[in-house]
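Everything below concerns the one structure shown next.
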Ligand code: G16
């Protein structure tokens, strides 16, 4: 390292003394702590981000957020060139430099690391780091510390993108490294146009469904609410009402947000008896997680929760259906190599019933430790990998090679069978790959995907047809098998479903050895109906 460079690092670091007696570590999602002690850590992560950018010769990101944690906390994490989390191999070095006691100790660690990693460090090459922050009051001054860390490495330049959701920054880093437009308008344009495409591809038989086109979203008084206010105006066929936008003086993550709703299972602030039966959703503080919920009645503040496990099942079901249309016998298939390897990834927090359901669908289910960095890595090994934590953090990854195959298939189909069911399935899958964030879990894109899929799946009660004096459901395909598998688990279990002749609901009948067990069977089968037809379709 040249002398001027060493001097610059020493000088810059001497302005950011680390807090005494505190040991920080790059945890599940970067460094997090009370914002008052984070300046030196953020400054050092700025240095580390610049080194990562030099090493990879690519654009890297740095995000200031403490996501679901309380407003007085803050945090910092690095976004790798792929748009994913920092390579785990670099985490121990992040820990070491964050805890170096003096500028000299820091300099010696950096010098050693540059040599070990063979980081091209000539001071000639220039690299760019994209910076974002959430709405926390401490964000601005921490971002300033990050900029000073970055500018203490010759050739590294910081580009401050201001207030962003965490997934927006991940998306932009990925886009930038693919030479695509990496701006907020480009992000909104991509997800809103792919949502519109998906909605246009709704099959005729479900177009007339009576699904409520309104969803009420709790923005956690954070950045997500503010961004959703912009995005909602770019959508058609979906009315989004945003509450807890942060503009009304509410405190970030305080009695609001996905983490609170998922853990406490009660209505967030600003929601209540006026919302009974309405589809609601909650984002977390930096909008990388989402859960849905419904207020069932006004007897308590209890909610019916639709968590990450259920969204995962909905996504898996939809993708599997589209794949089976794409490869169905009799369809003109210009290429035989169409069997995608579809897999799902969960953590130990996943409800066992969701895992059983996914396995019943014939899917490979893999488990990893908590933290999307672990799930993402595994999901990337499939052609289509879907991962979700129960807390609502997840996405769907499409491999580049499978997407190229799909694009080629779609081009050929547009020549031989334009407008066929098979081509529509190809277009739906292509739209999903553009709507859902390929870099990281993203509450805004997940919200739009759930809404688009519900519009495909919520059908009027005629979607269920039966035979044998209404004891066997013939359609939708696969539902009777799922009911049989569930019923087999109950002693003396018997169960059937039928469309009501008077109301727009599917009735569920269940019997078993005791009332309690029969109720539980009815409940499980109602969930099966909901997963095939959209929630709110069944009545026991
Ligand atoms: C972060 C990670 C999530 C993980 C969560 C766990 O969430 O990104 O993948 O589930 O931490 O938190 P803990 O380790 O405290 O249980 P977020 O939304 O805070 O970034």
Legend entry - Filter result (in a strand (DSSP E or B) and closer than 24 Å to residue 223 by Cα) within segment 149-189: 158, 159, 160, 161, 162, 163
Legend entry - Hits in segment 164-181 - residues which are touching a helix residue (DSSP H, G or I) at 6+ places or on another chain (Cβ under 9 Å) and either in the same structural domain as residue 52 (by TED's automatic domain parsing) or crowded, with 22+ Cβ neighbours inside 10 Å (or both): 164, 165, 166, 167, 168, 171, 172
Inset, instruction - Looking for whichever is part of a loop (DSSP other than H, G, I, E, B), outside the structural domain of residue 489 (by TED's automatic domain parsing) and either more than 12 Å from the ligand (Cβ to nearest atom) or crowded, with 16+ Cβ neighbours inside 10 Å (or both) here; the options are 340, 348. Which one fits? - result: 340
Inset, instruction - Tell me, please, whether a residue that is farther than 29 Å from residue 285 by Cα and either assigned by TED's automatic domain parsing to the domain that holds residue 286 or within 21 Å of the chain's Cα centre (by Cα) (or both) can be found in segment 403-423. - result: yes
Legend entry - Considering residues of segment 300-312 that are touching a helix residue (DSSP H, G or I) at 6+ places or on another chain (Cβ under 8 Å) and not in a helix (DSSP H, G or I) only, the residue farthest from the ligand (Cβ to nearest atom): 303
Inset, instruction - Could you tell me whether any residue of segment 450-462 is exposed (fewer than 14 other Cβ atoms within 10 Å of the Cβ) and over 28 Å from the mean Cα position of the chain (by Cα)? - result: yes
Legend entry - Only one of 102, 111, 65, 72 that is surrounded by fewer than 24 Cβ atoms within 10 Å (Cβ to Cβ) and under 30 Å from residue 262 (Cβ atoms): 72
Inset, instruction - Out of 100, 33, 105, report the one residue that is assigned to a strand (DSSP E or B), over 19 Å from residue 169 (Cβ atoms) and either more than 27 Å from the chain's Cα centre (by Cα) or within 16 Å of the ligand (Cβ to nearest atom) (or both). - result: 33
Legend entry - Among residues of segment 44-75, those that are within 16 Å of the ligand (Cβ to nearest atom) and within 16 Å of residue 111 (Cα to Cα), counted: 1
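Matching residues to (1) without any contact (Cβ under 8 Å) to a residue 24 or more places away in the chain; (2) assigned to a helix (DSSP H, G or I); (3) assigned by TED's automatic domain parsing to the domain that holds residue 442; (4) farther than 16 Å from residue 451 by Cβ:
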position: 268; (1), (2), (3), (4): no, no, no, yes
position: 282; (1), (2), (3), (4): no, no, no, no
position: 292; (1), (2), (3), (4): no, no, no, no
position: 298; (1), (2), (3), (4): no, no, no, yes
position: 314; (1), (2), (3), (4): no, yes, yes, no
position: 317; (1), (2), (3), (4): no, yes, yes, no
position: 324; (1), (2), (3), (4): yes, yes, yes, yes
Legend entry - Among the candidates 120, 137, 81, residue that is away from the ligand (no atom under 16 Å from the Cβ), within 30 Å of residue 262 (Cα to Cα) and part of a loop (DSSP other than H, G, I, E, B): 137
Legend entry - Inter-residue pairs, beta-carbon under 6 Å, first in contact (Cβ under 8 Å) with a residue 60 or more places away in the chain and farther than 18 Å from residue 450 by Cβ and in segment 386-406, second part of a loop (DSSP other than H, G, I, E, B) and more than 15 Å from the ligand (Cβ to nearest atom), 6+ apart: 402/340; 402/383
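So that you can scan it fast, the table gives a plain yes or no per residue for (1) touching a helix residue (DSSP H, G or I) at 6+ places or on another chain (Cβ under 9 Å); (2) modelled with pLDDT of 90 or more; (3) under 21 Å from residue 353 (Cβ atoms):
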{"residue": "488", "(1), (2), (3)": "no, yes, yes"}
{"residue": "493", "(1), (2), (3)": "yes, yes, yes"}
{"residue": "503", "(1), (2), (3)": "yes, no, no"}
{"residue": "532", "(1), (2), (3)": "yes, no, yes"}
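Considering each of 153, 129 in turn, give the residue that is in the same structural domain as residue 62 (by TED's automatic domain parsing), at pLDDT 95 or above, over 17 Å from residue 64 (Cα atoms) and surrounded by 24 or more Cβ atoms within 10 Å (Cβ to Cβ).
Matching residue, one of 153, 129: 153.
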Inset, instruction - Please work out if residue 226 is more than 22 Å from residue 311 (Cα to Cα) and away from the ligand (no atom under 16 Å from the Cβ). - result: yes
Inset, instruction - Restrict the check to segment 8-16 and report whether at least one residue is modelled with pLDDT under 95 and not in a helix (DSSP H, G or I). - result: no
Legend entry - Those residues of segment 55-82 which are closer than 23 Å to residue 371 by Cα and out of contact with any strand residue (DSSP E or B) (no Cβ under 8 Å at 6 or more places or on another chain), in sequence order: 68, 70, 71, 82
Inset, instruction - Please give the number of the condition residue 49 fails out of (1) at pLDDT 95 or above; (2) more than 18 Å from residue 172 (Cα to Cα). - result: (2)
Legend entry - Top-ranked residue in segment 1-30 [being crowded, with 19+ Cβ neighbours inside 10 Å and within 32 Å of the chain's Cα centre (by Cα); ranked as farthest from residue 92 (Cα to Cα)]: 29
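The values are calculated or read from the model by the stated rules, or taken from the named source; none is laboratory data. The structure displayed is predicted, hence computed values, not measured ones. When we count neighbours, we look across all protein chains shown, and the Cβ atoms used for this are built from the backbone with ideal geometry, even at glycine.
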